[in-house]
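What follows is one structure encoded as structure tokens, with my remarks underneath.
Laboratory data are not the source of any read-out in this text; all were calculated from the coordinates shown. In this text the structure is predicted, and so the values were computed from the model without any measurement.
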Amino acid sequence: MNTSHRTHQCSTQPIRRATFSRHPSFNADQCWQRAQQRLSAVEDLLRQYTVAPGLIGRAAAYQINTGGKRWRPLFLLAVGEALNGAHDPFIKLAAATELLHNASLVHDDLQDHDKMRRGMETVWHRFGSETAINLGDFLISSTYWALSQIEAPGDRLSSLVSHFAQATHQVIAGQSLEIEASRRFGIHLEDYRRIARTKSGVLMALPVVSAMLLVKAPRELREHARQAMLSLGTAYQIKDDLDDLFGRKAGRPAGVDLREGRISLPNLLFHSETDRDERQAFEAFIGSPEPPAPSELRYWIERLQQSAVIARCWAEFDAEVATAARHINSLPELLGSVLDNGKQMLLEAALSEKTGTQAEVSTNGAVFDVPQPARP
Ligand code: IPE
Ligand code: IPE
Ligand code: MG
Ligand code: MG
């Protein structure tokens, strides 16, 4: 594996020049600075659109206050600066994307039985499963409420609403495909890519594509931006799968995907690349509906951590990042630079925050300095 995974450098490839931007006096760094400055207006809207009496209001306020990195509104606001539209609609659109993202997280944690997110207790664990279901639904409806408040010509608003509805369907379909594939190995790499693109990539693409829809950017450009963000979101999901295996998520144990029988990328590749005997043992472990014994879970976590599939996951990660870069290079100068900066920041944050130990990071795909675990 290339050590650049831990220190991804800014792309040196030139962005194709074109004249889409109507705000040539700004550069990409300034677009991101301005996005950061406008984020507090989005935070205000997140609170406004989630006010409600009683339990649901308390749960909503709790979830919004858990924070998160706010990548989706930041991407939207930075792209909005590059597109030079009026600010107010972009801020509402940014709030809508973050509300939908939070809805997906609240339901996801319930489905994954995760007790912690963003270093804090998850909604279902703190308020109960019934409230987590209600809050996810409530946040989806808040998303569409925020959208309905955008002042834009009727045809643009209807294409935005339709785009959000399609994105919502896709995320649910992605989660559903993942659940359907759980505890059995009926899917291939291509299916994994489709699941990662829909459950995670779509919500990364939504802010950028919806900002472009708002200003009626040409379809061809929207498509390049969409593909770039789908690939970036997929790379992000692959890193998330690795973080799960290595226990690098705040407050969460290692191996939740193994415990839950999810066909994450390491699980899928390990199953397809190991020998027949081990494959059968792994299938029996993943397929069991009973909670695994801690020693058995520990065994498989270490076995996968030390296997060659980690390098294969990084190769998939690199391929997705390269696809994203290719599409970004087809975008006009300022918009392309804004997405390129965003890509670098997102990857640098994801890779530096959770850097693995040397034992996890090999230069040739084989992991060294780690003793083989004993079978329980
Ligand atoms: C988490 O996304 C869900 C995945 C796509 C893996 P983020 O890492 O952007 O979540 P927050 O909003 O910053 O917590
Ligand atoms: C992330 O799901 C995508 C959605 C929430 C829709 P995961 O289950 O893979 O990610 P984390 O690790 O819980 O954020
Ligand atoms: Mg999860
Ligand atoms: Mg999940």
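Quick notes on this one:
- Fraction of alpha-carbon pairs over 20 Å apart in region 160-295 - percent: 52
- Per residue convex hull volume, Cα atoms of region 256-329, in Å³: 92
- Rg/Rg_globular for the chain, with Rg_globular taken as 2.2 N^0.38 Å and Rg from C-alpha atoms: 1.00
- Here's the list of aspartates and glutamates a cross-link from K92 could span, going by alpha-carbon distance under 16 Å and ignoring same-chain residues fewer than 8 apart: E43, D44, E81, E151.
- Using a Gaussian network model of the chain in which every pair of alpha carbons under 10 angstrom is joined by a spring, one finds that among E316, E178, E283 the greatest mean-square fluctuation is at E283.
- Over the residues of the chain, the helix contribution to mean residue ellipticity at 222 nm works out to -22500 deg cm²/dmol, using -39500 (n - 2.57) for each DSSP H run of at least 4.
- Pairs exceeding 26 Å between alpha-carbon atoms, taken from K199/K239; K115/K343; K199/K343; K199/K249: K115/K343.
- Convex hull volume of region 126-235 per residue (C-alpha atoms, cubic angstrom): 122
- Max-minus-min Cα coordinates of region 112-154 on each principal axis give 43, 22, 15 Å, with the largest extent listed first.
- Each residue of region 209-218 was assigned a 3J(HN,Hα) from its phi angle through the Karplus expression (A = 6.51, B = -1.76, C = 1.60, θ = phi - 60°), giving 5, 5, 4, 6, 5, 4, 9, 6, 5, x Hz with x at Gly and Pro.
- Separation between Cα centres of region 228-297 and region 80-143, rounded to whole Å: 25
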